[in-house]
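The values are calculated or read from the model by the stated rules, or taken from the named source; none is laboratory data. In this text the structure is predicted, and so the values were computed from the model without any measurement. Cβ: placed from backbone, ideal geometry, glycine included. Neighbour counts: every protein chain shown. Protein only, heavy atoms only, side chains kept; ligands, DNA and RNA dropped before computing areas. Shrake-Rupley method; radii C 1.70, N 1.55, O 1.52, S 1.80 Å.
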Amino acid sequence: MRVFEQASRASWTPEIPAEFREPYTLGKFSEDRIQDVMWKYLVREHNCERAWVRINHHLPETLIVKEPLDILEFSTAHGAMLEIWRSFGHNVVGTDYAWTAEDGASVKHKGVRKPWHRKLLDEVRDQSHTGKLGKVVPGWPYQPIIESLGLDVRLFDGGERPYPFDDDSFDVVCCFQAIEAYSDPDGWLDTIREFCRIARKTVVVGFNPLPVETADNQELLESARDAWFQLQRFDELGFRTSFFEIGQTRRGIHPTVCKLTAT
């Protein structure tokens, strides 16, 4: 989602609760660990604003139900979606993957380079959360944020199916801008079938544009288009497509979100 589109959607979204504008409480973590997180994702307010718009746009029913829902988010990263849903009384679980670079070392920043970097570090280190510190997991950059929020996030490899969750174990299953990391396009349908196996009511999948380096890969493009066309008319495992969005990013117009609803 482009910056101007994010701002436009936010203008048509109810005001986000003030609690989500407070900085992360990362005072217990070393600067090295904090710097494992991409700088822009250290800004809790921005993370939560994006998540708030996304939830209101694609899953507004989760904000008005009277009974708590069981919600599973694949590749939750900084956990903003989960912490918002948790504030509405839902039972939330996330997943992530402890990835490393080819040399075996997690990707790090190049240190403080701009004044706002130092200001941000001061803000997040100004307060400490009250929870315990877990054993450091190499290659999981979001661990400090997840621990500070006290969220239940489980690490596993999204490329290996079946996923470690029981049938019909969550009301809502979502995966935003991550399915491309789970498989090539010819495996997307199988991944979404796994989501449907786990879900009871709703599945939502958000798509990134295809990588720039694959722009000339006609076979990959056709495979992605075939998967997207199949998803437009998905009707399997008790789930049917109820919403299919074509959006625009800086890389052009392409499918961005598919929502499946239990029949």
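Laid out as a table, the results:
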| quantity | calculated |
| --- | --- |
| Percent of beta bridges antiparallel (DSSP, the chain, rounded to nearest 5) | 50 percent |
| Other-chain or far-sequence residues with amide H under 5 Å of Arg200's (modelled H) | Phe170, Asp171, Val172 |
| Other-chain or far-sequence residues with amide H under 5 Å of Ser75's (modelled H) | Thr95, Asp96 |
| Spin-label pair Leu189/Asp122, simplified geometry with 7 Å Cα→Cβ offset, distance in nm | 5.6 nm |
| Rounded to 10°, Cα long-axis angle of helix 115-125 versus longest principal axis of the chain | 90 degrees |
| Estimated vicinal HN-Hα couplings, Hz - segment 246-256 in sequence order (Karplus 6.51, -1.76, 1.60; Gly, Pro = x) | 9, x, 10, 10, 5, 9, x, 9, 6, x, 10 |
| Three semi-axes of the equivalent ellipsoid, segment 150-263, Cα gyration tensor, whole Å, largest first | 24, 17, 13 |
| For the chain, built as a Gaussian network whose Cα springs stay under 10 Å, the top-fluctuating residue of Thr130, Thr191, Thr62 | Thr130 |
| Where N is the number of residues in segment 103-199, Cα Rg divided by 2.2 N^0.38 Å | 1.41 |
| Cβ-Cβ FRET estimate between Asp32 and Thr263, R0 fixed at 35 Å, reported to 0.05 | 0.10 |
| Where only C-alpha atoms are counted, convex hull volume of the chain per residue in Å³ | 148 Å³ |
| Contour minus Cα-Cα distance for Ile253 and Glu45 (0.36 nm per residue) | 72.1 nm |
| R0 of 51 Å, Cβ-Cβ distance Lys132-Ser242: FRET efficiency to nearest 0.05 | 0.75 |
| Estimated distance in nm for a label pair at Leu155 and Thr214, the labels positioned 7 Å out from Cα along Cα-to-Cβ | 2.6 nm |
| Accessible area (Å², 1.4 Å probe, nearest 10) - Glu49 | 60 Å² |
| Largest to smallest accessible area among Asp126, Asp168, Asp152 [probe 1.4 Å] | Asp126, Asp168, Asp152 |
| Spin-label model distance (nm) - Glu19 vs Arg113, 7 Å beyond Cα toward Cβ | 3.6 nm |
| At 1.002 mPa s and 20 °C, Stokes D of segment 158-200 from Kirkwood alpha-carbon radius, µm² per second | 203 µm²/s |
| Listed peptides 199-207, 229-237 by packing density, highest first (mean Cβ within 10 Å) | 199-207, 229-237 |
| Debye-sum result for segment 124-172 in log10 I(q)/I(0), which assumes one identical scatterer on each alpha carbon, at q = 0.29 Å⁻¹ | -1.19 |
| Relative contact order of the chain, pairs being alpha-carbon contacts under 8 Å that are 6 or more residues apart, as % | 18 percent |
